[in-house]
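Undergrad: One structure, pasted below without further comment.
Throughout, read-outs are computed from the coordinates displayed, never taken from laboratory work. The shown structure was predicted, so the numbers you read here are calculated from the model rather than taken from an experiment. Methodologically, a virtual Cβ is constructed for each residue, glycine included, from the backbone with ideal geometry; neighbour enumeration extends over all protein chains shown.
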Amino acid sequence: MPIKTVYNAQIEHLQILDETGKLDDKLAKDTLTDEQVSYLYEQMTVCRQLDEVAFRLQRSGRMGTYPQNKGQEAAAAGSGFAAKKGVDFLVPCYRENLALFLHGLPMHYVLLHWMGDERGNQIPEGVNITPISIPIGTQMLHATGIAWAFKLRKEPRVAVTYFGDGATSEGDFHEAMNFASVLQVPCVFFCQNNHWAISVPREIQMNSETVAQKAIAYGMPTIQVDGNDLFAVYKASRDAIERARSGGGPSFIEAVTYRLGDHTTADDARRYRDQKEVEMWAARDPLVRLRKYLEKKDLWSEDRQKRLEERAKAIVQEVVKTAEGIEKPATDDIFDYTFAGELPAELQRQKATMRTSSLGQRPEQVGLHAVPERA
Amino acid sequence: MPRSEMMIEKGLTLVDAINEALYQEMERDDRVVILGEDVGLNGGVFRVTDGLQKRFGPDRVVDTPLAESGIMGTAIGLAMAGMRPVPEIQFEGFLGPAFDQLVNHAARYRTRSRGAITVPMTVRVPVGGGIHAPELHSDSPEAIYAHQPGLKVVMPSTPYDAKGLLTSAIRDPDPVIFFEPKRVYRSFREHIPEEEYTIPIGQAKVVSEGSDITMISWGATVFQCLEALDQLPEDVSVELIDLRTIDPIDEDAICQSAEKTGRVVIVHEAPKTCGLGAELATIIQERCFLHLEAPVQRVCGFDTVMPYYKLELEYLPDAARIVEALQQVAAY
């Protein structure tokens, strides 16, 4: 009996806008209009400004730990823009702020979250996103479930979930992918391969040549795109989302990008990665690339850039003012969201007295209203 | 690893002490391996394993893929095959994926194989709140693991105890969860012996002797208790006990003290309901009922989800709450 090959696979890599700002017109056909590109460039610039300011807020003690998005704006913009605002559902981790903003999350919510305030997760009505997710790789299962609900109710809606290269090592990732594929739900798995899971580079995170190939094991359409190329990210995302919407099941996208900043403000990447690598990727900065493109097309000027930067500063300043102007939550908030309806008796006592010691909770029981006098 | 000048002059932090214990055990026993996320080149996100990969190489201090169940499950395999793994889970909030491996496998292997297979591993986990950290970086789940038979649970509060207890844990023939209170990581320094030493697992420590009230705590809240003692009127004499080991509980130590004082306050960060305080209070009423002068009091975290950091200090037991409980118990 001859040995037969029973499976063959290949992974395509899509790039439309290269590092010099040169566009492949054929591939770019029917993707983004000039107006949309300018709009997204502006949003990316504002997001970058927010990132820089957030970093400084942390350093000056005005905010807790913050994970910078720097360098990954095109991945968030292209995918977020491809999903239908108000219809589709985003299930993020924590490095795709712009996708959330494009779907209507007020910018100060993200700051509020990292300022240690749950109200940053109190997603406004009509904004179809889940809050920032801290544990790695767990939220993808929720996206599969959300998409499953869309399928059961026959709604033409899609869930798009975000995660990093490191998250694909977690068991939950594989369970989410398998469920999504077995159930053929309208879900898009968007991996931001930014090369680093804190200090662990992709090469020792996995022995797979690409992240995209992991989807092949689950029988899912998959593609690798230049994650710093707004056009490629948009096109791959749109295709996957529309395939899902029309009943074609889940897809996987590996967006190859780079975390230009530290993992978070609590991290110091100089301890473990070569500055030369960072510089190489800084040259591929999605913002720089997009500006080059816009300039080549005469859609941009020095003056416009200056005005945009000033506007970005003003917007972010206002966002910070809003976030910092929100008063500290009341201690009742610790208790009030534990369950729907009336709190159990013990929780009511804890809330009313801010005590767990029974004597402190019910002083009248033992006639101990006053603190005993000192001798 | 030779001590730095700072350590020689000012003593060791909790981080330094744990690092020194790991170093010495790795020197002493080449079966000891460290595995976890960012523990190698980066030296851990809290720098607890700093310098160890450089000294012992990437085969003994291993940066694993990002998968807690993977870390725990393979550590169990390493232990079963004769190694002495010391897996790190980066924060207590990420123990979730490893729970199955810990509870359904590590804790049960000795019993279900009737002693044929054992899991001598030490799981290091930073624990607790109070450091302005993001969500799921501030919980205190020690009672969950104490409730699981077959696991030992340790939580030191000082550099001296950390070094001695970690050494014991690594040499222990059974799985030990070694919780490291983050709030204490760098909060003070202490002069401790440079040579290796052990502190038996299961032994509490009397931090300060007293005769009126017994106060029991562990981990970072030991320092809130000390702060409370400073604020207390001089005529109330409190015996402060640092449990150090969560499971097995040093019943004799707490009962001896409770019988002496007849009044007990238990302080912990974890939520009150089904927290370790409930078990301690039960032991005390079972064994010391006739000695008690007041109901045993618990000053704990509330029975809520740990809030984000804007409200974490309102959630965590502080000196004021502890003082009030002590005074009420004293006056009862």
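Undergrad: Tell me, what HN-Hα J-couplings in whole Hz come from the Karplus equation 6.51 cos²θ - 1.76 cosθ + 1.60 at θ = phi - 60° for each residue of segment A:250-266, using x for Gly and Pro?
TA: These are the phi-based 3J(HN,Hα) values: x, 9, 10, 10, 9, 9, 7, 9, 8, 7, 6, x, 6, 4, 9, 5, 8 Hz.
Undergrad: Also: What does the charge count near A:Leu141 come to, summing +1 for each Lys or Arg and -1 for each Asp or Glu among other residues with Cβ under 14 Å from its Cβ?
TA: Neighbour charge sum, excluding A:Leu141 itself: -3.
Undergrad: Now for a different question. Which loop-located trypsin sites (Lys or Arg not before Pro) does segment A:217-300 contain, where loop means any DSSP state but H, G, I, E or B and the Cβ has at most 14 other Cβ atoms within 10 Å?
TA: A:Lys297
Undergrad: Further question: Run through segment B:156-247 and list the trypsin sites (Lys or Arg not before Pro) located in a DSSP loop whose Cβ has at most 14 other Cβ atoms within 10 Å.
TA: Passing both the DSSP loop test and the Cβ count: B:Arg186.
Undergrad: Show that you can apply the helix-only estimate: for chain A, add -39,500 (n - 2.57) for every DSSP H stretch of four or more residues, divide by all residues, and state [θ] at 222 nm to the nearest 500.
TA: Estimated from H runs of four or more residues: -13000 deg cm²/dmol.
Undergrad: Under 10 Å, Cα contacts only: if you run a Gaussian network model on chain B, which one of B:Ile131, B:Ile322, B:Ile254 comes out with the highest mean-square fluctuation?
TA: Comparing B:Ile131, B:Ile322, B:Ile254 in the GNM, the peak value goes to B:Ile131.
Undergrad: Taking H as built 1.01 Å from N, whose amide H comes closer than 5 Å to the amide H of B:Ile241, not counting residues under 5 places away?
TA: Excluding prolines and chain starts, which carry no amide H, the hits are B:Val207, B:Met215, B:Ile216, B:Ser217.
Undergrad: May I have the convex hull volume per residue, in Å³, for the Cα set of chain B?
TA: Here the figure is 129 Å³ per residue.
Undergrad: Same structure, new question: Show me, for segment A:293-298, the HN-Hα J-couplings you get by feeding each phi into the Karplus relation (A = 6.51, B = -1.76, C = 1.60, θ = phi - 60°), rounded to Hz, glycine and proline as x.
TA: These are the phi-based 3J(HN,Hα) values: 4, 5, 5, 4, 8, 6 Hz.
Undergrad: Excluding same-chain residues fewer than 8 positions from A:Lys214, which lysines have a Cα within less than 30 Å of its Cα?
TA: Excluding near neighbours in sequence, the set is A:Lys4, A:Lys26, A:Lys29, A:Lys70, A:Lys84, A:Lys85, A:Lys151, A:Lys154, A:Lys235, A:Lys276.
Undergrad: Now a separate question. How big is the gap, in Å, between the Cα center of segment B:189-227 and the Cα center of segment B:101-166?
TA: 19 Å
Undergrad: At what distance in nm do the modelled label points of B:Leu290 and B:Ser211 sit from each other, each positioned 7 Å from its Cα along Cα→Cβ?
TA: Computed distance between label sites B:Leu290 and B:Ser211 equals 2.3 nm.
Undergrad: A follow-up question, please. Tell me, what ³J(HN,Hα) does each residue in segment A:36-46 have, in order and in whole Hz, if you take phi through Karplus 6.51 cos²θ - 1.76 cosθ + 1.60 with θ = phi - 60° and put x for Gly and Pro?
TA: Computed from phi, the couplings for segment A:36-46 are 5, 5, 4, 4, 5, 4, 5, 5, 5, 5, 4 Hz.
Undergrad: How high is the relative contact order of segment B:205-331? Use alpha-carbon pairs under 8 Å, at least six apart in sequence, and give a whole percent.
TA: Here the relative contact order equals 31 percent.
Undergrad: Please find the FRET efficiency linking A:Lys306 to A:Ser60, where r is the Cβ-Cβ separation and R0 is fixed at 22 Å, and quote it to the nearest 0.05.
TA: 0.25
Undergrad: Over the Cα atoms of segment B:205-331, what Rg and Dmax result, in angstrom?
TA: Over segment B:205-331's Cα set, Rg and Dmax evaluate to 13.6, 44 Å.
Undergrad: Tell me, what is the Rg over Rh of segment A:194-302, with Rh the Kirkwood radius over Cα pairs?
TA: In segment A:194-302, Rg relative to Rh is 1.04.
Undergrad: Quick one: check the C-alpha center-to-center distance for segment B:234-312 versus segment B:44-63, whole angstrom.
TA: Each part reduced to its Cα centre gives a spacing of 37 Å.
Undergrad: At a Förster distance of 51 Å, what's the computed FRET efficiency of A:Ala149 paired with A:Leu299, Cβ-Cβ distance as r, to 0.05?
TA: After rounding, the FRET efficiency stands at 0.80.
Undergrad: With label points built 7 Å along Cα→Cβ from the Cα atoms of A:Asn178 and B:Phe188, find their separation and express it in nm.
TA: That separation, rounded to one decimal, is 5.1 nm.
Undergrad: Same structure, new question: For n ≥ 4 DSSP H runs only, could you compute -39500 (n - 2.57) per run for chain B, divide by its residues and tell me the 222 nm figure to the nearest 500?
TA: -10000 deg cm²/dmol
Undergrad: Now for a different question. At a Förster distance of 41 Å, what's the computed FRET efficiency of B:Ala81 paired with A:His13, Cβ-Cβ distance as r, to 0.05?
TA: Efficiency, rounded to the nearest 0.05: 0.50.
Undergrad: Same structure, new question: Go ahead and set up a Gaussian network model of chain A, Cα springs under 10 Å, then flag whichever of A:Asp333, A:Asp262, A:Asp226 fluctuates most.
TA: Between A:Asp333, A:Asp262, A:Asp226, it is A:Asp333 that shows the largest mean-square fluctuation.
Undergrad: Jot down the radius of gyration and Dmax of segment A:13-325, Cα atoms only, both in angstrom.
TA: Cα-based Rg and Dmax for segment A:13-325 come out at 18.4, 53 Å.
Undergrad: Continuing with this model, one more query. List the residues, sorted by chain then number, that are 5 or more residues from B:Leu35 or on another chain and whose placed amide H is less than 5 Å from its amide H.
TA: Here the answer is B:Val62, B:Val86, B:Glu88, since their amide H atoms fall under 5 Å of that of B:Leu35.
Undergrad: Shifting gears a bit: How long, wide and thick is segment A:234-290, going by the Cα atoms along their three principal axes, in whole angstroms, largest first?
TA: That works out to 47, 26, 16 Å along the principal axes.
Undergrad: From other protein chains only, count the Cβ atoms within 10 Å of every residue's Cβ in B:61-70, then give the mean.
TA: 6
Undergrad: Given 0.36 nm per residue, what is the gain on full extension from A:Arg271 to A:Thr338 after removing their alpha carbon distance, in nm?
TA: 20.0 nm is the gain from fully extending A:Arg271 to A:Thr338.
Undergrad: Please go through segment B:61-124 and write out the trypsin sites (Lys or Arg not before Pro) that DSSP classes as loop and that have at most 12 other C-beta atoms within 10 Å.
TA: B:Arg114
Undergrad: Need the full-extension length gain, B:Arg3 to B:Glu227, defined as separation in residues times 0.36 nm minus the C-alpha distance. One decimal, nm.
TA: Contour length minus the Cα-Cα distance gives 77.6 nm.
Undergrad: Continuing with this model, one more query. If you take every DSSP beta bridge fully contained in segment B:204-277, what fraction is antiparallel? Give it as a percent rounded to 5.
TA: Here the antiparallel bridges make up roughly 25 percent for segment B:204-277.
Undergrad: Scanning chain B for GluC sites (Glu not before Pro) in DSSP loops with at most 16 other Cβ atoms within 10 Å, what's the longest stretch left with none?
TA: The answer is B:1-193.
Undergrad: Distance between Cα centroids, segment A:200-236 to segment A:255-304: provide it in whole Å.
TA: 20 Å
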